[in-house]
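What follows is a single structure, written as structure tokens, with notes after it.
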Amino acid sequence: MKKILLIGTGGTIASEATDSGLAPALTTRELLGLVPVAAARCDITALQLFSLDSTNITPVHWQGIVRTIRENYGDYDGFVITHGTDTLAYTAAALSYMIQLSPKPVVLTGAQKPINFDSTDSKVNLTDAIDCAARGGPGVYIVFDHKMILGTRAKKTRSKSFSAFSSINFPELGVVRDGTIVRFITGDTAESPEFYEELDTRVSLLKLVPGMDRAALDFLFERNDAVVVESFGVGGVPEAGGFYDSIEEWKSRGKLAVLTTQVENEGSDLAVYRVGYRLKKDLGVLEAYDMTTEAVLAKLMWALGLSRDPAEVRRLFYTPVAMDMYPFG
Ligand code: ASP
């Protein structure tokens with residue numbers, strides 16, 4: 001019988017109604033008790049790591065999850081993390097950089113409706129996640145609404161429907177239903193995983209809006225080591241407003257700018273338009289290409305946690321990890 005470690009962190013799946021809205025209440029053991037058939041298929045240990053709405057999750061919690069998995073890695077065949085859906089894609093991305101090449105499944109799941117509601121996706125998601133942790137194959141991925149979605153490619157794209165997550169610029173890894181798993185894609189693994197706990201959390205994100213000027217960018221550069229700019233279309237910044245000067249000035253002070261796009265699908269290509277070309281060719285900014293914003297932020301935290309040398313950070317950023325970006329030229 002496969003040994004699974006079920007790590008509870010809160011979220012809707014474990015929530016109950018209170019006078020002031022839904023809040024996490026059920027323990028991980030109680031959750032497991034509500035899916036007896038799946039629980040009986042494996043030898044599962046339930047661990048309550050914390051009990052939070054995922055809006056309250058921070059990189060410190062990611063580090064706690066990674067530490068727990070690292071300390072228990074040898075004793076289990078797979079891991080399930082139950083988590084709120086709101087920041088699940090961020091945690092999935094972070095774990096993808098912090099636990100690389102895992103030969104064992106590290107499966108994240110959650111739900112749009114609490115497990116004790118009449119209509120709920122909790123039981124099916126938890127059951128599918130347990131099945132994947134036992135037999136779904138290696139890597140860090142989300143199991144949700146019968147889909148297996150790579151941790152580096154996941155995004156919450158629906159705030160209410162059961163089909164809350166999409167795989168961005170990459171196919172789903174597989175499907176799981178009623179105990180049957182069909183896995184289409186498997187990434188690289190090693191005999192044992194590479195664990196990274198160090199993160200530089202001084203990474204921030206600016207979403208451009210028409211008419212914005214450099215003030216917001218300066219504010220973020222002052223307080224962070226890297227700023228991701230979510231720009232328009234294939235990428236660029238307005239020619240008015242001082243953005244180029246801001247990026248150049250902060251670069252000379254060791255700060256890193258990364259350009260991505262607000263468009264969910266198909267990614268950036270900075271060299272196409274003059275508004276982006278200069279950033280790439282003259283100012284040396286990095287660009288996200290087909291990566292999700294969640295993955296870009298997590299990858300920068302991981303890369304800057306490893307090195308402060310701009311050339312090395314650039315190399316790490318442009319080296320594909322867990323199929324997070326399409327290899328380019
Ligand atoms: N607010 C909840 C959370 O992210 C939403 C959910 O779990 O679906 O914790």
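What follows is calculated from the coordinates using simple rules that are stated; it is not laboratory data. Model, not experiment: these values are computed from the prediction. A quick note on method: Cβ atoms are made from the backbone with ideal geometry, for glycine too, and the neighbour counts reach across all protein chains shown.
Helix 243-252 and the longest principal axis of the Cα set of the chain meet at an angle near 80°. Taken over the chain, the alpha-carbon convex hull comes to 132 cubic angstrom per residue.
At q = 0.17, 0.27 Å⁻¹ the log10 of I(q)/I(0) for segment 211-281 amounts to -0.58, -1.33, computed by Debye summation with a single uniform scatterer per C-alpha, solvent ignored. Given the pairs Lys2/Lys160; Lys156/Lys207; Lys155/Lys280, which are separated by over 23 angstrom at their Cα positions? Table pairs above 23 Å Cα-Cα are Lys2/Lys160; Lys155/Lys280. Extension gain for the segment Lys2 to Leu22, taken as residue separation times 0.36 nm less the Cα-Cα distance, is 3.9 nm to one decimal. I need the calculated FRET efficiency for the pair Arg177 and Leu101, taking r as the beta carbon distance and R₀ as 22 Å, to the nearest 0.05. About 0.20, to the nearest 0.05. Normalised by the number of residues in the chain, the mean separation of alpha-carbon contacts (under 8 Å, six or more apart) gives a relative contact order of 15 percent. Each Lys and Arg contributes +1 and each Asp and Glu -1, all at the Cβ; summed about the Cα centre of segment 189-280, the dipole is approximately 460 debye.
Please report the antiparallel percentage of DSSP beta bridges with both residues in the chain, rounded to the nearest 5.
35 percent
As a length-normalised measure over Cα pairs under 8 Å and 6 or more apart, the relative contact order of segment 31-126 settles at 27 percent.
With the biggest extent put first, the Cα atoms of segment 206-329 measure 37, 30, 23 Å across the principal axes. Segment 110-162 and segment 1-70 have Cα centres spaced 13 Å apart. Using Cα springs under 10 Å in a Gaussian network model of the chain, which residue among Asp131, Asp282, Asp43 shows the largest mean-square fluctuation? Per the Cα network of the chain with a 10 Å cutoff, Asp282 tops the list.
For segment 212-304, the list of GluC sites (Glu not before Pro) that fall in a loop by DSSP and count at most 16 other C-beta atoms within 10 angstrom reads Glu239, Glu264, Glu266. The amide H of Gly174, built 1.01 Å from its N in the peptide plane, has Met148, Phe184 as neighbours under 5 Å, considering only residues 5 or more places off or on other chains. Between Ser20, Ser161, Ser307, the Gaussian network model of the chain with springs among Cα atoms under 10 angstrom shows the greatest mean-square fluctuation at Ser20.
Between the beta carbons of Tyr326 and Ile185, assuming R0 = 22 Å, the FRET efficiency works out to 0.95 to the nearest 0.05.
Within the chain, the longest run free of trypsin sites (Lys or Arg not before Pro) that sit in a DSSP loop with at most 15 other Cβ atoms within 10 Å is 1-157.
What nm value, rounded to one decimal, do you get for the distance between Glu30 and Gln262 when each label is placed 7 Å out toward the C-beta? Taking the two extended label points, one gets 4.2 nm. Annotation: segment 1-146 has a Kirkwood hydrodynamic radius of 14.7 angstrom, from the mean reciprocal C-alpha pair distance. Rounded to the nearest 10 degrees, what's the angle between the helix 59-72 long axis and the longest principal axis of the chain, both from Cα atoms, 0 to 90? Compared with the principal axis, the helix lies near 50 degrees. Sequentially through segment 140-146, phi angles give Karplus couplings (6.51, -1.76, 1.60; θ = phi - 60°) of 9, 8, 9, 10, 7, 6, 6 Hz, Gly and Pro residues having no value and appearing as x.
Per residue of the chain, the DSSP helices (runs of n ≥ 4 H) give a summed -39500 (n - 2.57) that works out to -9000 deg cm²/dmol at 222 nm.
Under 5 Å from the amide H of Val80 lie the amide H atoms of Leu5, Leu6, Ile7, Val107, each residue being 5 or more positions distant or on a separate chain, with H modelled from the backbone and absent for Pro and chain starts. Within the listed set Val140, Val124, Val209, the residue fluctuating most in the Gaussian network model of the chain (springs between alpha-carbon atoms under 10 angstrom) is Val209. Remark on segment 1-67: Rg and Dmax equal 13.1, 42 Å (Cα only).
Taking 19 Å as the straight-line reach from the Cα of Lys251, the aspartates and glutamates in range (excluding those fewer than 8 positions away in the same chain) are Asp200, Asp213, Asp218, Glu222, Asp225, Glu230, Glu239, Asp282, Glu287, Asp309, Glu312.
Just need the relative contact order of segment 131-209 here, percent rounded to a whole number, with Cα pairs under 8 Å and 6+ apart. Relative contact order for segment 131-209 comes out at 25 percent.
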